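**Student:** Starting off with a structure, shown below.
The values are calculated or read from the model by the stated rules, or taken from the named source; none is laboratory data. Since the structure is predicted, the reported quantities are computational estimates derived from the model, not experimental observations. Here the Cβ positions follow ideal geometry from the backbone for every residue, glycine too, while neighbour counts run over all protein chains shown.
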Amino acid sequence: MNIFAQKEEKAKKINSAMSKIKHVIAVSSGKGGVGKSSVAVNLAIALAQKGYKTGLADADVYGPSVPTLFNIENESVYGSEIDGISYMMPFERYGIKIMSIGFFVEKEKPLIWRGIMASNTLNQLLVETYWGELDYLVIDTPPGTGDILLSLAQDFPIAGVIIVCTPQQLAVADVRRAVNMYRNEKLNVRILGLVENMAYFSPKDAPDRQYFIFGKDAAKELAAELSLDLLVQIPITEDFSQANDSGNPVALDFASVEGKVFAQLANEVDKRMK
């Protein structure tokens with residue numbers, strides 16, 4: 001099979017796999033360590049709480065953390081044949097379907113993959129998982145602007161991307177690179193807006209107080225500079241950290257400050273998809 005036939009066959013498989021998914025939303029970041037995976041997980045849960053059929057794909061091939069955030073690190077993936085095709089069956093937690101590269105690698109070993117191998121693995125994860133009918137598939141992407149992201153944006157029907165940042169100036173500089181990548185004429189992926197994580201600290205005993213320990217208004221100013229919406233600002237709280245460690249995502253708590261923020265983020269995403 002020549003290279004053109006291979007590309008055509010690949011595109012055919014992707015179109016078939018994505019045909020029952022209404023909206024594919026990528027959650028991205030210019031750099032690691034900004035809480036991108038936490039945002040992806042809680043956004044998916046908040047969309048499910050709105051009544052949408054939702055899936056979550058952990059495509060962060062070098063640092064998959066979704067299994068940890070759901071406390072399902074030791075689970076095994078099972079296959080099933082449907083209509084004569086073999087699929088990997090996603091896990092279901094809190095009303096969403098979940099698949100992660102983390103289920104297929106040893107937790108303590110680094111993933112030493114070249115770009116083409118990582119891109120092929122990502123393609124396999126998304127195409128060979130049985131997602132069924134979904135309103136939203138949220139993809140937790142690798143950080144940065146590497147070739148894996150380029151392959152994802154070029155090959156898959158991304159309806160929109162959310163870019164996560166933190167208030168530090170270094171993180172803001174990386175956001176510019178990510179925005180420019182998605183706006184490149186070869187990709188031209190719609191950017192739904194920025195999410196500022198760790199925007200301020202609120203003590204548990206004084207939730208109305210806000211301490212801007214990493215700086216203030218950097219994301220707001222950057223959003224204005226880049227003609228983007230600042231979708232939400234997520235605070236640092238003790239509960240958020242504990243929820244990440246325990247496998248009980250904070251969006252499950254409707255009454256919490258964070259739960260309300262993620263409900264707002266789900267509303268902002270949904271509004272832009274109508």
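**Student:** Right, A199: more than 18 Å from the chain's Cα centre (by Cα), under 17 Å from V39 (Cβ atoms), at pLDDT 90 or above and surrounded by 15 or more Cβ atoms within 10 Å (Cβ to Cβ) or not? Explain how you work it out, then say what you get.
**Tutor:** On the way: more than 18 Å from the chain's Cα centre (by Cα): yes; under 17 Å from V39 (Cβ atoms): yes; at pLDDT 90 or above: yes; surrounded by 15 or more Cβ atoms within 10 Å (Cβ to Cβ): yes.
Taking the combined requirement at face value, the residue satisfies it.
**Student:** Check I191, I148 and return the single one that is within 24 Å of K50 (Cα to Cα), hydrophobic (A, V, I, L, M, F, W, C) and buried (at least 19 other Cβ atoms within 10 Å of the Cβ). Lay out the reasoning, then the answer.
**Tutor:** Working: I148 fails: within 24 Å of K50 (Cα to Cα).
Step by step, each of I191, I148 is checked, and only I191 is within 24 Å of K50 (Cα to Cα), hydrophobic (A, V, I, L, M, F, W, C) and buried (at least 19 other Cβ atoms within 10 Å of the Cβ).
**Student:** Here is a further query. For the range 79-113, how many residues are modelled with pLDDT of 90 or more and hydrophobic (A, V, I, L, M, F, W, C)?
**Tutor:** 6
**Student:** Can you run down the residue pairs with Cβ atoms below 8 Å, 6 or more apart or on separate chains, where the first is in the range 139-152 and within 15 Å of S100 (Cα to Cα) and the partner is among the charged types (D, E, K, R)?
**Tutor:** Listed by first residue and then by second, the contacts come to D140/K36; D140/D58; D140/D60; T141/K36; T141/D60; P142/D60.
**Student:** Quick one: what pairs do we get from the range 203-220, first residue at negative phi and among the small types (G, A, S), second modelled with pLDDT under 80 and assigned to a helix (DSSP H, G or I), C-beta under 9 Å, 6+ apart or different chains?
**Tutor:** Matching pairs, first to second residue: A218/Q169; A218/A171; A218/V172; A219/A171; A219/V172.
**Student:** Would you confirm whether any residue within the range 34-53 is in contact (Cβ under 8 Å) with a residue 12 or more places away in the chain, on the phi > 0 side of the Ramachandran plot and either surrounded by fewer than 15 Cβ atoms within 10 Å (Cβ to Cβ) or basic (K, R) (or both)? Before the answer, list the steps.
**Tutor:** Residues of the range 34-53 in contact (Cβ under 8 Å) with a residue 12 or more places away in the chain: 34-50, 52-53.
Narrowing further to those that are on the phi > 0 side of the Ramachandran plot: 35.
The next check asks that each one be either surrounded by fewer than 15 Cβ atoms within 10 Å (Cβ to Cβ) or basic (K, R) (or both); those that pass are none.
No: zero hits.
**Student:** Do we find that K31 is in contact with a Pro (Cβ under 7 Å, 6 or more places away or on another chain), among the basic types (K, R) and either under 20 Å from D239 (Cβ atoms) or part of a loop (DSSP other than H, G, I, E, B) (or both) in this structure? Don't jump to the end; show me each part of the working.
**Tutor:** Details: in contact with a Pro (Cβ under 7 Å, 6 or more places away or on another chain): yes; among the basic types (K, R): yes; either under 20 Å from D239 (Cβ atoms) or part of a loop (DSSP other than H, G, I, E, B) (or both): yes.
Answer is yes for this residue.
**Student:** Among Y87, Y62, which is hydroxyl-bearing (S, T, Y), surrounded by 12 or more Cβ atoms within 10 Å (Cβ to Cβ) and assigned to a loop (DSSP other than H, G, I, E, B)? Working first, answer last.
**Tutor:** Numbers: Y87 fails: assigned to a loop (DSSP other than H, G, I, E, B).
Exactly one of Y87, Y62 is hydroxyl-bearing (S, T, Y), surrounded by 12 or more Cβ atoms within 10 Å (Cβ to Cβ) and assigned to a loop (DSSP other than H, G, I, E, B), namely Y62.
**Student:** Let me ask something else. May I ask you to verify whether L222 is at pLDDT 85 or above, crowded, with 19+ Cβ neighbours inside 10 Å, over 17 Å from the mean Cα position of the chain (by Cα) and hydrophobic (A, V, I, L, M, F, W, C)? Give the derivation first.
**Tutor:** Working: at pLDDT 85 or above: yes; crowded, with 19+ Cβ neighbours inside 10 Å: yes; over 17 Å from the mean Cα position of the chain (by Cα): yes; hydrophobic (A, V, I, L, M, F, W, C): yes.
Spelling it out, L222 is indeed at pLDDT 85 or above, crowded, with 19+ Cβ neighbours inside 10 Å, over 17 Å from the mean Cα position of the chain (by Cα) and hydrophobic (A, V, I, L, M, F, W, C).
**Student:** Something else: When only residues in the range 133-150 that are among the hydrophobic types (A, V, I, L, M, F, W, C) and either in a strand (DSSP E or B) or within 20 Å of K271 (Cβ to Cβ) (or both) count, which is farthest from the chain's Cα centre (by Cα)?
**Tutor:** Filtering the range 133-150 down to residues among the hydrophobic types (A, V, I, L, M, F, W, C) leaves 134, 137-139, 148-150.
Imposing the further condition that a residue be either in a strand (DSSP E or B) or within 20 Å of K271 (Cβ to Cβ) (or both) reduces the set to 134, 137-139.
On the way: L134: 16, L137: 9, V138: 5, I139: 4 Å.
Applying the filter and picking the extreme gives L134.
**Student:** Which of the residues that make up the range 151-188 are surrounded by 20 or more Cβ atoms within 10 Å (Cβ to Cβ), modelled with pLDDT of 90 or more and under 14 Å from the mean Cα position of the chain (by Cα)?
**Tutor:** Passing the criteria: I158, V161, I162, I163, V164, C165.
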